[in-house]
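First comes the structure, then the notes that go with it.
What follows draws every value from the coordinates through simple rules; no lab data is involved. Please read these numbers as outputs of a predicted model, since none were measured by experiment. Cβ sites come from the backbone with ideal geometry, for glycine too, and all protein chains shown count toward neighbours.
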Amino acid sequence: MPRWFLTFALVLAVSLGFSSRVHAAPSFLNEVVPLLTKQGCNQGACHGKGAGQNGFRLSLRGYAPDEDHKWITKEFTGRRIDMTAPENSLMVLKPTGRAPHEGGKLFDVGTPSYNLLLEWVQAGCPGPDKNDAKLVRLELTPIKQLLKKDETAQITAFAHFNDGSKRDVTWLTKFDSNDAGAVTVSPAGKVVALRNGETAIRAAFQTEVAVALFTTPYEQNIDATRFQTRNNYIDDAVFTKLSELKLEPSDLCSDEEFVRRVYLDTIGTLPTAAEARSFLDDKRADKRSKLIDALLERPEWVDYWTLFLSDLMQNRKERDHDVRGTKGVRAFHTWLRQQVAKNRPWNEIVRDVLTATGSTVETPAIGYYITTIGEHREAEKSEVVASVAQAFMGTRVGCAQCHNHPLEKFTQDDYYHFAGYFSRVRLERKDPKEGATVLKVSHPDPNQNKSPVGVRQPRTGQFLPPQPLDRSVSPISPSDDPRIKLVNWMTDPKNESFSGAMVNRIWKHYLGVGMVEPVDDIRATNPPSNPELWAALNREFVGGGYNLKSLMRVILNSRTYQLSASTRPGNASDQKFYSHWYARRLPAEVLLDALSQTTGVSDPFEGYPTGVRAIQLPDSGVKSYFLSLFGRSDRVTACACERNGDVTMPQLLHLQCGENVQNKIRSGDGRLAGWLKTISDDSKLLDELFLSTLSRFPTATERQTILGERSKDDDREEFFRDVFWALLNSKAFSFNH
């Protein structure tokens, strides 16, 4: 073959962008898409949103690489790619700022990012290849490191593929800090510690994620004896972490603080004056543990934790088409109350709810499906898929219904695999005159219908069988109820997501802050603040047979729970390591009941007998301005954020100026009116007011100041109304502390 022909062929190949190279062409899946993700090109604020940006769209964070390749290379007759002059392609001109780009300049000519895109175009823009090495996991080094304030560290990311290869992908990995105020991380993986504490840095490459933990101890010397008094293994884990961070734990709370705290947290009810006085007078060394045991056996404990589960199960009247109306909600509430009263194991309760069939008359637990399926004809397309994952595993997969999870490894396929477990569930809604709503699970005759169980992925059209979120194999025959396989996997003792979700919720209820926050957002990139405590409590819960009461008992008996809310020098800024108890406003129902109990005047609830307490109400839709104002859960979603504990100006004005509180105080049938008639000694009356509201006696200074304000000419009734009003409007009353 003539030399001139070879030369001509080489020049032609180069001009067309197909020149031979000493290394393989860049992988669209393993290099180009990760680069677009790292640079933010396919994020929701840019081209990754549904309509794209300025005529160009990409799948959000690269969840659909096949479509991305088509849009880049084929859309608008391939105007974004110039094969004859690759360096003039819009794909390399815009990010380098050499062509107008609303996103601005992302990198310079000659940088690795530029070279990658240029080489990809020069290679002919190869798309996703079925022979591409598949990512198996993402590894970070270091995964844990101590840093001093202002000290730096470098994270290196390695991708492991199914062909056995391991590649440094640090420059293609997207890094973010879980708390940028404590630790920052640059796009290149450089970490800087800004303040004391502990923070996770999360890394994402393709669909895999990983985290690295960086700890910056406080710069203070603490007496080692502050960590020595411990009641159980909870304190071992908490105090060990505090010692590592050099965070001093607060003192033990007083008996006055403890009795009020443990009543409100455990049974949602304020101790009466007699109960508070009895505890304070008790001289037994073990009186706290004795009180804990007694409270866990109270009927109010059943009421309060039925309310807790009713929120979690979204038991509400809305969308309940049952002929009985609110009776359907009440039936489910009654069923839940029976389970709590029996102290049934949590895994058994969940199994009964998720595998329920029949009508609301015979199986009240189908109420969970009534609210989460709603008006959908097909359960797998309803809220139930995301609600089950979030409520029972603390896992938010709802966003994966439309695209890959932004912070976790869950893909859109994972979502629809999981949805397959509900593909046989159908609700038969009838006209109220015809009968009750019925939940059925279709069971095709395997001899006549060989169709597999599952759902069709709307984007790809692929039929996906049921599969757990951990992607383990879960074979299901056409005659099976897929939900049984789901519950078997979910409640397996090895499934930490299931046990951890409830452990985290209960821990947050009693300590104010979950080990994982938000409490229902458990994922690899959001690790618990105390991994040792997390593991220990999960072992306790699973090993104890998922016993809710036993788990609560060990938490309540810990010194950690019994620490004072008053801070020590150096621990006031701590909001997640439990160096002190975190004060918070009382939940709406608890606060209303406390006002009613203290004043002796209850609020009326339409459709319920007089004297029913707010924590006993089955329906969150019961008309109550107070409960709505103070943030009760509407139970519309599985998100724990529906219950709002924020303090607002309208709440303060309602307590201070509203007729509700004023009428309770002034009522002739109320407690104050009775005390004024039966207690002639002002000092003793003051004791009764303080014990009823704050579960303690007034201090000597308080007693002297308050009684010193009363002159002989003052109207006694009006004076003590003002004192009562002041106590009910104090932070010490509306907060648990």
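Name the residue farthest towards the positive end of the dipole of the chain from the options Ser472, Ile366, Pro249, assuming +1 on Cβ of Lys and Arg, -1 on Cβ of Asp and Glu, about the Cα centre.
My answer, from the dipole projection, is Ser472.
In whole angstrom, how far apart do the alpha carbon centroids of the stretch 454-526 and the stretch 681-706 sit?
52 Å
Among the listed pairs Lys174/Lys246; Lys149/Lys246; Lys327/Lys623, which are separated by more than 22 Å between their Cα atoms?
Violating the 22 Å Cα-Cα cut-off are Lys174/Lys246.
What's the ranking of 583-590, 238-245 by average number of surrounding C-beta atoms within 10 Å, highest first?
Output ranking for 583-590, 238-245: 583-590, 238-245.
Find how many whole Å separate the alpha carbon centroid of the stretch 118-135 from the alpha carbon centroid of the stretch 287-313.
60 Å
Take every Cα pair under 8 Å in the chain that's 6+ residues apart, average their separations, divide by the length, and report that relative contact order as a whole percent.
Relative contact order, the chain: 12 percent.
What whole-number value in cubic angstrom gives the convex hull volume per residue for the C-alpha atoms of the stretch 135-216?
Taking only Cα atoms, the stretch 135-216 has a hull volume of 66 Å³ per residue.
For a footprinting-style exposure proxy, rank Glu67, Glu428 by other Cβ within 10 Å, fewest first.
Listed from fewest to most nearby Cβ atoms, that is Glu428, Glu67.
Listed highest first by mean packing, meaning other Cβ atoms within 10 Å per residue, what order do 521-528, 711-718 come in?
521-528, 711-718
Which whole-Hz ³J(HN,Hα) couplings does the stretch 114-129 yield from phi under the Karplus relation 6.51 cos²θ - 1.76 cosθ + 1.60, θ = phi - 60°, glycine and proline marked x?
My calculation for the stretch 114-129 gives 5, 4, 4, 5, 5, 5, 5, 5, 4, 7, x, 6, x, x, x, 10 Hz in order.
For a protection proxy built on the mean count of beta-carbon atoms within 10 angstrom, sort 459-470, 547-558, 641-652 highest first, please.
547-558, 459-470, 641-652
Lys/Arg Cβ at +1, Asp/Glu Cβ at -1, dipole of the chain taken about the Cα centre: which of Asn30, Gly124, Ser423 is farthest positive-ward?
Ranked along the dipole, the leading option is Gly124.
Measure out, as a whole number of angstrom, how far apart the alpha-carbon centroids of the stretch 594-657 and the stretch 163-204 sit.
The stretch 594-657 and the stretch 163-204 have Cα centres separated by 43 Å.
Along the charge dipole of the stretch 301-479, pointing to its positive end and built from +1/-1 on Cβ of Lys, Arg, Asp and Glu, which listed residue (Asn404, Val340, Gly394) has its Cα farthest out?
Val340
What are the radius of gyration and Dmax of the chain, computed over its Cα atoms and given in Å?
In order Rg, Dmax, the Cα atoms of the chain give 31.1, 124 Å.
For the stretch 464-523, what's the relative contact order in percent, using C-alpha pairs closer than 8 Å and at least 6 residues apart?
About 18 percent, as a whole number.
Would you order Val183, Val441 from fewest to most other beta-carbon atoms within 10 Å of each residue's own beta-carbon?
Exposure proxy ranking, most exposed first: Val441, Val183.
Spelling out what I want: for every residue of the stretch 630-643, take phi, set θ = phi - 60°, compute 6.51 cos²θ - 1.76 cosθ + 1.60 (Karplus), and round to whole Hz; glycine and proline get x.
9, x, 5, 7, 7, 6, 7, 10, 7, 6, 5, 5, 5, 7
In percent, how large is the relative contact order of the stretch 581-661, given Cα pairs closer than 8 Å and 6 or more residues apart?
28 percent
Which value, in debye to the nearest 20, describes the size of the charge dipole of the chain about its Cα centre when Lys and Arg Cβ atoms bear +1, Asp and Glu Cβ atoms bear -1, and nothing else is charged?
Computed about the Cα centre, the dipole is about 1320 debye.
Using the Karplus curve 6.51 cos²θ - 1.76 cosθ + 1.60 with θ = phi - 60°, work out ³J(HN,Hα) for each residue of the stretch 655-672 in order, rounded to whole Hz, and write x for Gly and Pro.
In residue order, the calculated couplings are 5, 7, 10, x, 5, 4, 5, 4, 5, 5, 5, 8, 4, x, 9, x, 5, 4 Hz.
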